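Beneath this line is the structure, given in structure tokens, with notes to follow.
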Amino acid sequence: AQSVAQPEDQVNVAEGNPLTVKCTYSVSGNPYLFWYVQYPNRGLQFLLKYITGDNLVKGSYGFEAEFNKSQTSFHLKKPSALVSDSALYFCAVRDVDTGRRALTFGSGTRLQVQP
Amino acid sequence: GAGVSQSPSNKVTEKGKDVELRCDPISGHTALYWYRQSLGQGLEFLIYFQGNSAPDKSGLPSDRFSAERTGGSVSTLTIQRTQQEDSAVYLCASYGTSGWGTDTQYFGPGTRLTVL
């Protein structure tokens with residue numbers, strides 16, 4: 001079975017400071033990992049993904065994430081937070097080796113960036 | 001189309017009524033998913049269609065839920081005899097298997113279902 005944990009319900013950060021949203025995963029095979037963002041009353045927007053290759057993945061709006069296989073983590077980062085980054089962030093995983101294509105999502109982390 | 005579209009955006013119904021939710025995937029995407037997002041919770045997988053293969057229905061919570069995909073494009077999720085616990089946002093996603101965006105699911109804006 002595949003699972004995702006986002007240990008923080010909410011992350012607060014001041015504008016201009018770096019931010020990190022944590023994600024750990026569990027799969028029996030190799031993972032595909034994703035980050036999505038959800039703004040109020042909107043659907044999920046794709047931010048970035050790790051499929052293979054470089055462990056540091058760069059995505060939309062200046063976000064990046066680092067795949068760490070030994071720690072089974074895929075934390076989302078941004079060097080300098082903006083107030084407009086305030087939203088709900090979801091980490092998701094798919095176990096490539098099972099052939100099951102449905103994503104398993106974490107419970108989400110609300111990012112609040114204070115001006 | 002430019003993105004995944006869903007209709008209606010909001011649906012209010014009475015307990016016991018049937019509802020149909022529609023999803024138009026991105027043109028050319030062969031895979032389509034339905035997820036459910038309940039208040040304060042994450043996303044729950046419901047069903048997955050891939051081309052002409054039999055759908056993966058493993059996430060459907062009960063036999064009151066069904067979905068079909070006509071002509072490999074538009075999908076309809078039907079909930080019969082709705083219950084208050086069915087209240088949620090129902091999200092549709094489509095998935096490309098070639099070119100840019102491969103392996104990435106793109107989501108529609110969702111349908112907010114409220115069962116009174």
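Any read-out appearing in this document is the output of simple, stated calculations on the displayed coordinates, not a laboratory observation. Quick caveat: nothing in here was measured; it's all calculated off a predicted structure. We place every Cβ from the backbone using ideal geometry, glycine too, and count neighbours over all the protein chains shown.
Which of the following residues is in contact with a strand residue (DSSP E or B) (Cβ under 8 Å, 6 or more places away or on another chain), surrounded by fewer than 12 Cβ atoms within 10 Å (Cβ to Cβ) and either in contact (Cβ under 8 Å) with a residue 24 or more places away in the chain or away from every other protein chain (no Cβ under 11 Å) (or both): B:51, B:16?
B:51
Only one of A:60, A:80, A:73, A:84 is touching a Cys at 6+ places or on another chain (Cβ under 8 Å) and farther than 22 Å from residue B:41 by Cβ; which?
A:73
When you scan the stretch A:75-90, how many residues do you find that are over 17 Å from residue A:42 (Cα atoms) and not hydroxyl-bearing (Ser, Thr, Tyr)?
Qualifying residue count for the region: 8.
Exactly one of (1) in a strand (DSSP E or B); (2) in contact (Cβ under 8 Å) with a residue 24 or more places away in the chain is unmet by residue B:66. Its number?
Result: residue B:66 fails condition (2) only.
In the stretch B:19-43, what residues are over 11 Å from the mean Cα position of the chain (by Cα), within 14 Å of chain A (Cβ to nearest Cβ) and not in a loop (DSSP other than H, G, I, E, B)?
B:31, B:43
Could we say that residue A:56 is over 26 Å from residue B:108 (Cα atoms), without any contact (Cβ under 8 Å) to a residue 12 or more places away in the chain and out of contact with any His (no Cβ under 7 Å at 6 or more places or on another chain) here?
yes
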